[in-house]
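Q: Provided herewith is a single structure, encoded as structure tokens, for subsequent inquiry.
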Amino acid sequence: MDVRLNLPRQIRWATALVAVWIAAVGVHNSFVELLRYRLAGTIGFSADRIALSCGGLIRVEGGVFSHSGNTVRFHSAEFGPDWLQLGGGAPILSLQVNLPEVEITVRKFKPKRLRTVSLDGLRTFFRMVHTSFSGGRVTAKVDGQVITLENVGGQSRPGGSFLLTAPLIHVRGPRGVWIGKNTEVEMRGRQWERLQVSFMRIMSSSGVWLDAGGTVERVSSTVFGVDLFLRHGNESATFRGRANLDENRHVLDVSFSTTLASLFDYAREWTPLPPFVSTITGKVDGEAHVVWSGAPVRVDAKLNLREAAFSHSNFSSQRMSLPDVRLFLTGQRQDEGVDFSGKVTMGGPEVRFTAQWNPGRNLKFEGSTAVWDCQRWMHLGRDLMPNLRGMELSGDLGLHFGLWFDLVDAEKFNAHGRFSGTGYTVVRDAEVADPHRLLGPVTVTLKNRFGMKAERRMDPSEPTFVPLAKIPAHTVAAFLTTEDRRFREHHGFDWPMLVRAAGYNLKHRAFYKGASSISQQLVKNIFLTSTRSISRKLEEAILTWRMEQIVPKDRILELYLNVIEMGPGLWGISDGARTFFSREVRNLIPAESAHLALITPAPLFYYYQMRRSSIPDAWTSLIMALLRKLHLQGALTTEEYQAAKIRGLVLQDY
């Protein structure tokens, strides 16, 4: 039986539409689930809801990207076709993102890793998909830094680039807070085209602040233009130039102008600086051309330092003003290190230098100055040599020098030097330090590093003065052996000893050893102070050189033995002989002479160490060792040496 159900035409159409709708819902749900599955498996994307609308519009809510511990969350986004512009080469899809809040967590940012990700596809994406968003707030956590962007906006631009804008950016981390405004970043694929920050205040954790801003913009495929500024109070620095990024080879031209105080203030927030740096003032500007390929390959720099001044006890007791400095430097990387060459002027003669630096091994530095008028040399160092005021020289001088630093063992330091030019003649000696005074009887003021002072008359008629002829030979020999073995041979300076002392001081980073000759010690005791500084050492060197020209060696030795410190308020070997042994100098025995010579480096320390106490065995060993040297030198006969060993050393109570 053929049964036909005659339904009204409207019902049949409704039934068909319902069937189509049911089929469409099924296809929709299947497509959505497939899309959700594929997105989760390929790019780590999930969403609370994905919906398809007629016309190809896709709406996503509660989207989350997650990959290797890094996450990005957004509220909602819509993808839809732009059919009207298909033929014009414009994007075929549009993406609008609602950004009330975006949270980004970066476990570890590794820029090199970007090379392994196919981000070039972003360029194609932005050409095909028009993307824009605004009014959002983005918070990102990257390596301990919390970065917040307020009122974030962005849009894709013709040609496949993308512009991100943030009127306000806030960065907080262990080193302090950064607050900036009007930030723009333009990207193209995985390359950024332009970074612009109109203003950024950087505040360190200790309160030091710095204002920065500027633009870095791509000029060509490998060249970026740089225009940056830094400000600190009323001080500023500008950096302008170009960076050429050719593979791993970067070329940068920079110019800058700032103050030393500004540089050191902020640098101290990032790395420790010596305390005396805080006393340095001045202005600095310059230019640099840097070639970088994994490390500096070549550097050409020019630097100008103006109105510089500083103070530090290791240099001088007074604040020092430096002449204007101009430095030209070229550095070139070699197979095993870096070669440097350049020249510098400091308000005077030009100094040319070369250096070879082998990292972790050694540093060799050689230089020479132009030949210059001697009096102009003196004027150049006037702030370092206040005790030489009034000294006048004629002639001209130049200096050739070399320094060698062992970076493994600083004690192996070495140095050499020689003068050039026509020579020099003293026209007039210093007003307060004239060595001619030492040729006859003279009254001197003696002082130690603790401020103790005493006036002594260097005159044979004085009971405390002992002429050299009345001092036992073994006493003289003991002092020469311990203090200046080459006294009779050099002209005021024992160069090998000075070099060894410099190496020791470099190793321990302090002025522990002076290695001063007897002549240098006499100049220090009579004309200068015991302050350890470069200023005093420079004055000491010039006065020693001058004294050696005028005063005979025997007179220098005689004066030295009569002014040397022997203890608190004790000056000269006469005071030492009476205090420690209750005898006159002429009656000293070899062991007593050895004791006086050995306490000379630290008289106050040894005075109190052995006061009213037994003589330490270690001290007795030192006495015996010195006596043995005197015997080997012929300063003691065998009989005198044996008698000294048997008798030993006896100190009276003092």
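The values are calculated or read from the model by the stated rules, or taken from the named source; none is laboratory data. In this text, all values refer to a predicted model and were calculated from it rather than measured experimentally. Methodologically, a virtual Cβ is constructed for each residue, glycine included, from the backbone with ideal geometry; neighbour enumeration extends over all protein chains shown. Only protein heavy atoms, including side chains, enter the accessible area calculation; ligands, DNA and RNA are left aside. Shrake-Rupley method; radii C 1.70, N 1.55, O 1.52, S 1.80 Å.
Q: Which residue, of 188, 172, is in contact with a Ser or Thr (Cβ under 9 Å, 6 or more places away or on another chain), open to solvent by 30 Å² or more (accessible area, probe 1.4 Å) and within 20 Å of residue 142 (Cβ to Cβ)?
A: Exactly one residue qualifies, and that residue is 172.
Q: Another question, then. Looking only at the range 209-224, how many residues end up being β-branched (Val, Ile, Thr) and either within 31 Å of the chain's Cα centre (by Cα) or open to solvent by less than 30 Å² (accessible area, probe 1.4 Å) (or both)?
A: 3
Q: A follow-up question, please. Let me spell it out: the conditions are (1) out of contact with any strand residue (DSSP E or B) (no Cβ under 9 Å at 6 or more places or on another chain); (2) touching a residue at least 24 places away in the same chain (Cβ under 8 Å), and residue 335 meets all of them except one. Which number is the exception?
A: If we test residue 335 against (1) out of contact with any strand residue (DSSP E or B) (no Cβ under 9 Å at 6 or more places or on another chain); (2) touching a residue at least 24 places away in the same chain (Cβ under 8 Å), just (2) comes out false.
Q: Still on this structure, I have one more. Can you find a residue in the range 577-599 that is within 23 Å of residue 492 (Cβ to Cβ) and either touching a strand residue (DSSP E or B) at 6+ places or on another chain (Cβ under 6 Å) or not basic (Lys, Arg) (or both)? Step through it out loud before you land on a result.
A: Here is the first cut: in the range 577-599, the ones within 23 Å of residue 492 (Cβ to Cβ) are 597.
So of that shortlist, the ones also either touching a strand residue (DSSP E or B) at 6+ places or on another chain (Cβ under 6 Å) or not basic (Lys, Arg) (or both) come out as 597.
Checked the range 577-599: at least one residue is within 23 Å of residue 492 (Cβ to Cβ) and either touching a strand residue (DSSP E or B) at 6+ places or on another chain (Cβ under 6 Å) or not basic (Lys, Arg) (or both).
Q: Still on this structure, I have one more. Among all residue pairs at least 6 apart or on different chains, which show Cβ distances below 8 Å where the first residue, located in the range 161-173, is assigned to a strand (DSSP E or B) and the second is surrounded by fewer than 19 Cβ atoms within 10 Å (Cβ to Cβ) and basic (Lys, Arg)?
A: Going by the 8 Å Cβ cut-off, the qualifying pairs are 161/188; 162/188; 163/157; 167/181; 168/181; 169/181.
Q: A further question follows. Answer yes or no as to whether residue 606 is open to solvent by less than 60 Å² (accessible area, probe 1.4 Å), without any contact (Cβ under 8 Å) to a residue 40 or more places away in the chain and aromatic (Phe, Trp, Tyr).
A: It is true that residue 606 is open to solvent by less than 60 Å² (accessible area, probe 1.4 Å), without any contact (Cβ under 8 Å) to a residue 40 or more places away in the chain and aromatic (Phe, Trp, Tyr).
Q: Let me ask something else. I'm told residue 590 meets every condition in (1) surrounded by fewer than 23 Cβ atoms within 10 Å (Cβ to Cβ); (2) touching an Asp or Glu at 6+ places or on another chain (Cβ under 8 Å) except one. Can you identify the failing condition by its number?
A: (1)
Q: Follow-up question, since we're still on this one. Looking at (1) open to solvent by less than 60 Å² (accessible area, probe 1.4 Å); (2) hydrophobic (A, V, I, L, M, F, W, C); (3) touching a Lys or Arg at 6+ places or on another chain (Cβ under 9 Å), which is the only condition residue 559 fails?
A: (3)
Q: Just to verify a result, which residue in the range 465-518, among those that are touching a residue at least 24 places away in the same chain (Cβ under 8 Å) and of a type in the set (Gly, Ala, Ser), is most open to solvent (accessible area, probe 1.4 Å)?
A: 473
Q: Within the range 425-436, does at least one residue satisfy the condition of being touching a Gly at 6+ places or on another chain (Cβ under 7 Å) and over 19 Å from residue 547 (Cα atoms)?
A: Scanning the range 425-436 turns up no residue that is touching a Gly at 6+ places or on another chain (Cβ under 7 Å) and over 19 Å from residue 547 (Cα atoms).
Q: While we're looking at this one, here's another question. Could you count how many residues in the range 335-364 are in contact with a Gly (Cβ under 7 Å, 6 or more places away or on another chain) and within 21 Å of residue 534 (Cα to Cα)?
A: 1
Q: Further, regarding this structure: Name every residue in the range 450-464 that is touching a residue at least 40 places away in the same chain (Cβ under 8 Å) and assigned to a strand (DSSP E or B), in order of residue number.
A: Listed by number, the residues that qualify are 454, 456, 458.
Q: Then there's this: What about residue 340, is it more than 25 Å from residue 265 (Cα to Cα), hydrophobic (A, V, I, L, M, F, W, C) and in contact (Cβ under 8 Å) with a residue 24 or more places away in the chain? So that I can check it myself, show each step before the final result.
A: Details: more than 25 Å from residue 265 (Cα to Cα): yes; hydrophobic (A, V, I, L, M, F, W, C): yes; in contact (Cβ under 8 Å) with a residue 24 or more places away in the chain: no.
When the stated conditions are applied, residue 340 does not pass them.
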